[in-house]
Amino acid sequence: MLKTAGIHHITAFVNDAQQNVDFHAGVLGLRLVKKTINFDAPEVYHLYFGNENGSPGTIITFFPQENARTGVIGGGQVSITVYAVPKGSMNFWSERLDSFGINHEAISRFGENFIRFFDPSGLQIELVEREEGTPSRWSFNGIPAEHAIKGFGGAMLSSVASEHTMMVLEKVLGLHRVGEENGLVRFKGFGDIGNIIDVNAANANWGNPGAGTVHHIAWRAKDYEEHGKWRELLAQIGFQPTQVIDRQYFNAIYFREPGGILFEIATDPPGFARDESDEELGTHLMLPEWYESQRDLIEQNLPKIEVREVEGI
Ligand code: ZN
């Protein structure tokens, strides 16, 4: 049976582009590993943040659109994006969020402690200590590498048909059901990062897409051959997956699971070093070949952004 290792990336809507960079690079200390555009809407950035090289399981991506209407977190969405930090890092993060004036609360589930807060667009984020996962080698703006976010701890899903969503996680994606507690069911993938998915067992009311909500969650396929098999399987089940779409840094197929959440299967290769060296990741505006002839116009229409050290947001 095909099994995914876990999350490849999570993609969300936010509003202000510089604020997005200041928060996810400046406050959370992720590396901007790719600055490109929404291939379906070239007037909008597509920003990718991750560990030092944007490994699968560490990548959060954003479509920042000023004046975007605010979304409502709810059913048919990833409701919480969870990051894993090294053991012994929670005090550091709690104090760091305080120093930036970011409200946060302590949450416990499945015997783990989480810090929960919102990004400036309203995206719901948690940090949790995990033993698993390779430490990040990226250190920025006062975050020592020993406390840096390693990648996703996982995600919480809110579904409008949670029994169906859970069946997809277990029977289609090959995650293992490992626990149940207070109306949450926990699933685990075999990867060591982005591998723990908590699902609200009660059906949720539909959320509304918009700034501060997750657009889709992508699951890992280890190579192109496996990706093809995923597509065949999804078509067989009747999920009507899209054709394989070239996203430059991975290949993608999309389908909406019965609980309303947009799922993607993304390939681990080729990765972000495809068109920039490791040292220069995220420093140039990268366009796919078919947009190069419009580069001047595209650059004029995009707001200027920079990765910079920040003391507040
Ligand atoms: Zn995606």
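The values are calculated or read from the model by the stated rules, or taken from the named source; none is laboratory data. Predicted, not measured: the structure shown is a model, and the values here were computed from it. For neighbour counting, all protein chains shown are included, and Cβ atoms are generated from backbone atoms with ideal geometry for every residue, glycine included. The area values use the complete protein model at the heavy-atom level, side chains included, leaving out ligands, DNA and RNA. Shrake-Rupley method; radii C 1.70, N 1.55, O 1.52, S 1.80 Å.
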Cα gyration tensor shape of region 22-69, rounded if a/c is under 1.5, else prolate or oblate by comparing a/b with b/c: oblate
Given H placed on each backbone N at 1.01 Å, which residues far from V14 in sequence or on other chains put an amide H within less than 5 Å of it? F63, Q65, G212
Average projected area of the Cα convex hull of the chain, in nm²? 14.8
Determine the distance separating the Cα centre of region 199-218 from the Cα centre of region 269-301; give it in Å without decimals. 30
Taking θ = phi - 60°, what integer Hz values does the Karplus form 6.51 cos²θ - 1.76 cosθ + 1.60 yield along region 48-60, in sequence order, with x for Gly and Pro? 10, 10, x, 6, 4, 10, x, 5, x, x, 10, 9, 10
Of the residues P144, P120, P241, which exhibits the maximal mean-square fluctuation in a Gaussian network model of the chain defined by a 10 Å Cα contact cut-off? P144
With the other protein chains left in place, how much accessible area per residue, in square angstrom, belongs to region 7-301 at a 1.4 angstrom probe? 40
Quick one: grab the alpha carbon gyration tensor of region 1-157, order the square roots of its eigenvalues as a ≥ b ≥ c, and give me rounded if a/c is under 1.5, else prolate or oblate depending on whether a/b is larger than b/c. rounded
How many nm separate the modelled label positions at F190 and F92, each set 7 Å beyond the Cα in the direction of the Cβ? 3.2
The chain - mean residue ellipticity at 222 nm from DSSP helices (-39,500 (n - 2.57) per run, n ≥ 4, rounded to 500): -3500 deg cm²/dmol
Evaluate E = 1/(1 + (r/R0)^6) for E112 and S293, where r is the Cβ-Cβ distance and R0 equals 35 Å; express this FRET efficiency to the nearest 0.05. 0.10
For E225 and R256, calculate 0.36 nm times their separation in residues minus their Cα-Cα distance, and state this gained length in nm to one decimal. 9.0 nm
Scattering from the C-alpha atoms of region 231-276 alone, worked out with Debye: what is log10 I(q)/I(0) at q = 0.24 1/Å? -0.82
Using a Gaussian network model on the chain with a 10 Å cutoff between Cα atoms, which of R220, R137, R116 fluctuates the most? R137
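Output the pairs from K87/K229; K150/K171; K34/K87; K188/K229 with a Cα-Cα distance over 25 Å in this structure; if there are none, say none. Walk me through the intermediate numbers first.
Numbers: K87/K229 37 Å; K150/K171 28 Å; K34/K87 28 Å; K188/K229 21 Å.
Flagged as over cut-off: K87/K229; K150/K171; K34/K87.
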For the full complex of protein chains and a 1.4 angstrom probe, list Y254, Y83, Y224 by accessible area with the highest value first. Y224, Y254, Y83
If amide H atoms are built 1.01 Å from N in the plane of the peptide, which residues on other chains or at least 5 residues away come under 5 Å of the amide H of G75? N205, W206, G207
